Amino acid sequence: SGMKENEADSWELVNPWLLDLRRRKVAVVIVHHAGRSGEMRGTSKREDSVFWIIALDDAKKNTDDKRGARFVTRFTKASRNTQEEIPPYEWHLVTDNANGKVSISYEQTQTQEVFMQLITDGVTDCADLAEEMKVSKGTISKWAKKMMDAGRLKKTNRKRYEPNDDSEAS
């Protein structure tokens, strides 16, 4: 595009055009790659005017079936008009070599179980959990509150969590 992705000023040249398209009710999809951290590279300015950001995470490492494409979609930014949290989904696309047809399957991932397993495995800090699960610290806090309300988790201090041993008896 000729833009310098790390400079907010460069992005400011494109932003008015994108906002004009939005006012005209034209949907725009921008595909961007992540850096080593797993987050979008460059300026965060591009995120200001978008309704949604969807991250794709490789899911092949979690399965024995390595055929086709397998990934998890996560909304890292949902529109403020979205009433409920949007769960992550795992997608699997496989091409049948005999007829060329592509089969697509998907299922909601068990985010809460992954979250609890990480805590059981010793990842108890909010920031570490957020980094591991590639979500915001705010999302981790929401999940932790749900787990605490369900009696499955307790907070040991400001940002550390541990499984609630009392919940195993129930």
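The values are calculated or read from the model by the stated rules, or taken from the named source; none is laboratory data. Just so it is clear, the model here is predicted, and its values are computed rather than measured. Every residue, glycine as well, gets a Cβ built from its backbone with ideal geometry; the counts of neighbours run over all protein chains shown.
Summary table below
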{"read-out": "Residue list for region 142-159, restricted to those being farther than 15 Å from Glu113 by Cα and either modelled with pLDDT of 85 or more or not basic (Lys, Arg) (or both)", "value": "Asp149, Lys154, Lys155, Thr156, Asn157"}
{"read-out": "Every residue from region 106-141 that is farther than 25 Å from Ala34 by Cα, surrounded by fewer than 16 Cβ atoms within 10 Å (Cβ to Cβ) and not acidic (Asp, Glu)", "value": "Gln117, Thr120, Gly122"}
{"read-out": "Positions within region 96-141 being within 16 Å of the chain's Cα centre (by Cα) and of a type in the set (Val, Ile, Thr), in sequence order", "value": "Thr109, Thr111, Val114, Val135, Thr139, Ile140"}
{"read-out": "All helices (runs of 4 or more DSSP H) inside region 76-170 with 2 or more residues being over 23 Å from Thr63 (Cα atoms) and of a type in the set (D, E, K, R)", "value": "137-149"}
{"read-out": "Scan of region 12-36 for residues that are modelled with pLDDT of 75 or more and either touching an Asp or Glu at 6+ places or on another chain (Cβ under 8 Å) or in a loop (DSSP other than H, G, I, E, B) (or both), ordered by number", "value": "Asn15, Arg24, Lys25, Val26, Ala27, Val28, Val29, Ile30, Val31, His32"}
{"read-out": "Among the candidates Glu132, Glu162, residue that is modelled with pLDDT under 85, in contact with a Leu (Cβ under 8 Å, 6 or more places away or on another chain) and acidic (Asp, Glu)", "value": "Glu132"}
{"read-out": "So Lys134, is it in contact (Cβ under 8 Å) with a residue 40 or more places away in the chain and on the phi > 0 side of the Ramachandran plot", "value": "yes"}
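Condition check ((1) in contact (Cβ under 8 Å) with a residue 60 or more places away in the chain; (2) farther than 25 Å from Val135 by Cα; (3) surrounded by fewer than 16 Cβ atoms within 10 Å (Cβ to Cβ); (4) not assigned by TED's automatic domain parsing to the domain that holds Ser136) across all residues:
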| site | (1), (2), (3), (4) |
| --- | --- |
| Asp64 | no, yes, yes, yes |
| Thr76 | yes, no, no, yes |
| Trp91 | no, no, no, yes |
| Asp96 | no, yes, yes, yes |
| Ile104 | no, yes, yes, yes |
